[in-house]
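Engineer: Structure provided below as structure tokens; questions to follow.
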Amino acid sequence: MFKVLVPVKRVVDYAVRVSPRSDGLDVDLAGVRMAMNPFDAIALEEAVRLKEAGYAGEIVAVSIGPADADETLRQALALGADRALRIDVPASPEPLQVARLLAALARSERVDLLLLGKQAIDDDANQVAQMCAGLLAWPQACFASKIRVGARWQVEREVDGGIETVEFELPAVISADLRLNTPRYVKLPAVMAARRKTVESLVPAALGIDIATLTHRLSVARPPARPAGIRVDSAAACVAAMVERGALGGHNPVKATAPPPFAPAARALVVGLNAQDGELPGLVAAAARLAGHVDVLDDGLRPDGLLAGAARRLCCAAPAPSIDALADWIAALARDYDCVIAAADSGGKDWLPRAAALDGAQAFSDVIGIAGADTLLRAIYAGDLIETVRNRQPRLWMTVRATAFRAIAGAHPLRIDQAGPATGASRVRVLGRQAQGGETLKDARALVAGGRPLGSAERFAAVLGPLAERLRGTLAASRAAVDAGYAPNSWQVGQTGQIVAPGVYVAAGISGAAQHVAGMRDSGLIVAINTDPDAPMMKLADIAWQADLFDAVPALCAALDARGVTIAGAAPDYSRCGPA
Ligand SMILES: Cc1cc2nc3c(=O)[nH]c(=O)nc-3n(C[C@H](O)[C@H](O)[C@H](O)COP(=O)(O)OP(=O)(O)OC[C@H]3O[C@@H](n4cnc5c(N)ncnc54)[C@H](O)[C@@H]3O)c2cc1C
């Protein structure tokens, strides 16, 4: 039987809306309700299920933080962990330091499986599992939605395009996604018993780890508010408002003349191997804002126009054999660069933290702004807050939300060189990928997103499909709709789904929880259809229509037809509508 280590982080409860502190230097945590990070609860539940099924032996829960983390550890004991251990630090360290502590603990405890939540819902970094795997040179299977135990383990991973199945042997690192399981409730007798158990404690020095910080938070602020929207009361008024706002003319993101780079002598590498076409211009624009010289590494098959702002293209025709081989390769390539950039999608977030850890660097996730050569803006707390952070390391590693950067106008001829392919140890084998259509979400000019009230996969497609067709867009969904099986997981928009910014985002029957808004708040025009006038989405929307979506969406289609609005572009394909 194998031994499992499950880290559990104490975070602000997901339902609490946090604010910046009055001095604007940090998040105001005074008196807020705390809870176990929901993804860690899922990881712990999976470990307990593996134990109940006779596979796992001892489960060790670990938390890294001050004494109040003991409360979270006692909850872990009540939920089924055998031992609880706190690494005593005054405040939660950066992901790289957390990963170093966990990797050292995994070695000293002779752990076979490190089972983590895929991200903590406070810093939303999504890095620790990947970094641990890199530091331990173990296989990684991140964003797991199904685990099959065997001589070779198989894990189904939620990726932007659908589901990917990977195979590997223990020891390994697995990070849990939302749909891996539904955690059990803690029973009162178990809570009482957990109170009597010991929480072990040790200091970082006992593991030989120095937790000095490599980055510095400069400030925390709310994101800029959208201009107040309007309320409409009919389909005709809704279409008129959409036309007036230019939402029906197709989505052509404005291209910008590149502003001068903050570090003209710096060299940036944009790794576009896994990025969607629509992400590349934004990634290059971000790189060009930082560095005077930008190289792009991709498969060489995409149009040059997507790379405006780059000087050189490194073509790698062969796909990397595995995530670990890719990370090893990029970590070696990075020695020639001051900055390495990938898309903040399921591909970039998988390999980049691992490669950064191999380079001894703390990476930055979900960068949405660049304010200086070493100063970045990124979304935290599901996008409710924006932090400005300073990098103090020689090399900058980051995943970038491509939608936050305007494509650069005017492509110049690129120098082209061959690169790779990635070789090296492959501890993870990809067995297959089941496409679900989600790979088109980031490129879509319009998204018609549905929520819980849709009621079934058939109704989801039948009601929303015709509107998406008329808008020459595609379908998206809330987590509630995905969890209920009305839409595939890769259509999920939000904190733990895809981050999108189409020209038009129609939210039909979506309440507008912070976790959903995190994925779509930068859309060009937001149209909300909801029976509840006070739903957060109705307050966020540019055009809000209080109506039953089952009447409103067909009426909107009819109004578009009556007005003769036609939009150029290929009609979408809904043949893959419905769950995997
Ligand atoms: C760690 C964590 C991560 C999460 N990540 C995500 C994420 O990435 N994406 C995401 O979407 N969610 C995410 N969630 C879930 C999120 O908190 C919400 O629960 C979810 O977004 C709700 O989905 P919904 O709006 O479809 O459903 P509900 O909250 O049930 O809202 C349904 C809405 O439909 C309206 N309605 C009902 N009937 C009709 C009708 N006939 N016509 C029109 N309107 C109607 C209601 O008024 C309501 O506003 C996450 C949660 C957690 C804890």
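Engineer: Would you mind getting the accessible area per residue of the chain, heavy atoms of the protein chains only, 1.4 Å probe, in Å²?
Structural biologist: Accessible area per residue, the chain: 38 Å².
Engineer: Moving on to the next point. Quick one: order 198, 72 from most to least accessible surface, probe 1.4 Å.
Structural biologist: These residues rank, largest area first, as 198, 72.
Engineer: Find how much the distance from residue 256 to residue 312 grows on full extension, using 0.36 nm per residue of separation minus their present alpha carbon separation; answer in nm with one decimal.
Structural biologist: Gain on stretching residue 256 to residue 312: 18.2 nm.
Engineer: Heavy-atom accessible area of residue 412 with all protein chains present, probe 1.4 Å, nearest 10 Å²?
Structural biologist: About 130 Å², ignoring ligands and nucleic acids.
Engineer: While we're on this one: Roughly how many debye, to the nearest 20, is the charge dipole of the chain about its Cα centre, given +1 on each Lys and Arg Cβ, -1 on each Asp and Glu Cβ, and no other charges?
Structural biologist: Working: 60 positive and 62 negative charges, 59 e Å.
I would put it at about 280 debye.
Engineer: Which whole-number percent gives the relative contact order of segment 254-433, counting Cα pairs below 8 Å spaced six or more residues apart?
Structural biologist: Relative contact order comes out at 31 percent.
Engineer: Moving on to the next point. Over segment 331-480, what is the relative contact order in percent, taking alpha-carbon pairs closer than 8 angstrom and at least six residues apart?
Structural biologist: 18 percent
Engineer: Taking the full set of protein chains and a 1.4 angstrom probe, give the accessible area of residue 511 in square angstrom, rounded to the nearest 10.
Structural biologist: Roll a 1.4 Å probe over it and residue 511 shows about 70 Å².
Engineer: Right, another one. Which lysines, if any, have their Cα less than 24 Å from the Cα of residue 9, not counting same-chain residues under 8 positions apart?
Structural biologist: 51, 118, 146, 187, 197, 349
Engineer: Hey, with R₀ at 41 Å, roughly what FRET efficiency would residue 336 and residue 243 work out to, going by the Cβ-Cβ distance, to 0.05?
Structural biologist: Calculated value: 0.25.
Engineer: Hey, got the dipole for segment 2-213? About the Cα centre, +1 on K and R Cβ, -1 on D and E Cβ, debye to the nearest 20?
Structural biologist: Here the size comes out at about 760 debye.
Engineer: Where does the charge balance sit around residue 318 when Lys and Arg score +1, Asp and Glu -1, over other residues with C-beta under 14 Å from its C-beta?
Structural biologist: Details: positive: none; negative: 298, 299.
Net of charged neighbours comes to -2.
Engineer: Take the eigenvalues of the Cα gyration tensor for segment 254-433, scale each by 5, and report the square roots as semi-axes in whole Å, largest first.
Structural biologist: So the equivalent ellipsoid measures 23, 20, 15 Å along its semi-axes.
Engineer: Please name whichever of 371, 391, 546 sits farthest to the positive end of the charge dipole of the chain, dipole taken about the Cα centre and charges placed at Cβ: Lys and Arg +1, Asp and Glu -1.
Structural biologist: It is 391, whose Cα lies furthest towards the positive end.
Engineer: At most 16 other Cβ atoms within 10 Å and a DSSP loop assignment: could you name the trypsin sites (Lys or Arg not before Pro) in segment 1-91 that fit?
Structural biologist: Counting only loop positions with at most 16 other Cβ atoms within 10 Å, the trypsin sites (Lys or Arg not before Pro) in segment 1-91 are 17, 21, 33.
Engineer: Of 478, 346, 451, which is farthest towards the positive pole of segment 323-480's charge dipole, taken about the Cα centre with +1 and -1 on the beta-carbons of Lys, Arg and Asp, Glu respectively?
Structural biologist: The listed residue farthest towards the positive side: 451.
Engineer: Could you please state how large a percent of the accessible area of the chain is carbon and sulfur, counting protein chains only and using a 1.4 Å probe?
Structural biologist: 52 percent
Engineer: In addition: Mean separation of Cα pairs under 8 Å and 6+ residues apart, divided by the residue count of the chain: what relative contact order is that in percent?
Structural biologist: Rounded, it is 14 percent for the chain.
Engineer: Would you mind checking the tilt of helix 280-290 against the longest principal axis of the Cα atoms of the chain, expressed as 0 to 90 degrees and rounded to 10?
Structural biologist: Computed tilt is about 70 degrees.
Engineer: Which translational diffusion coefficient, to the nearest whole µm²/s, is obtained for the chain from the Stokes-Einstein equation, given a Kirkwood hydrodynamic radius over C-alpha pairs, 10 °C and 1.306 mPa s?
Structural biologist: 65 µm²/s
Engineer: Considering the dipole of the chain built from charges on the beta carbon (Lys and Arg +1, Asp and Glu -1) around the Cα centre, which of 34, 488, 201 is farthest to its positive end?
Structural biologist: Most positive-ward Cα: 201.
The values are calculated or read from the model by the stated rules, or taken from the named source; none is laboratory data. Everything quoted here is computed from the prediction, not taken from an experiment. Counting neighbours? That spans all protein chains shown, and the Cβs are built from the backbone with ideal geometry, glycine included. SASA here: full protein model, heavy atoms, side chains in, ligands and nucleic acids out. Shrake-Rupley method; radii C 1.70, N 1.55, O 1.52, S 1.80 Å.
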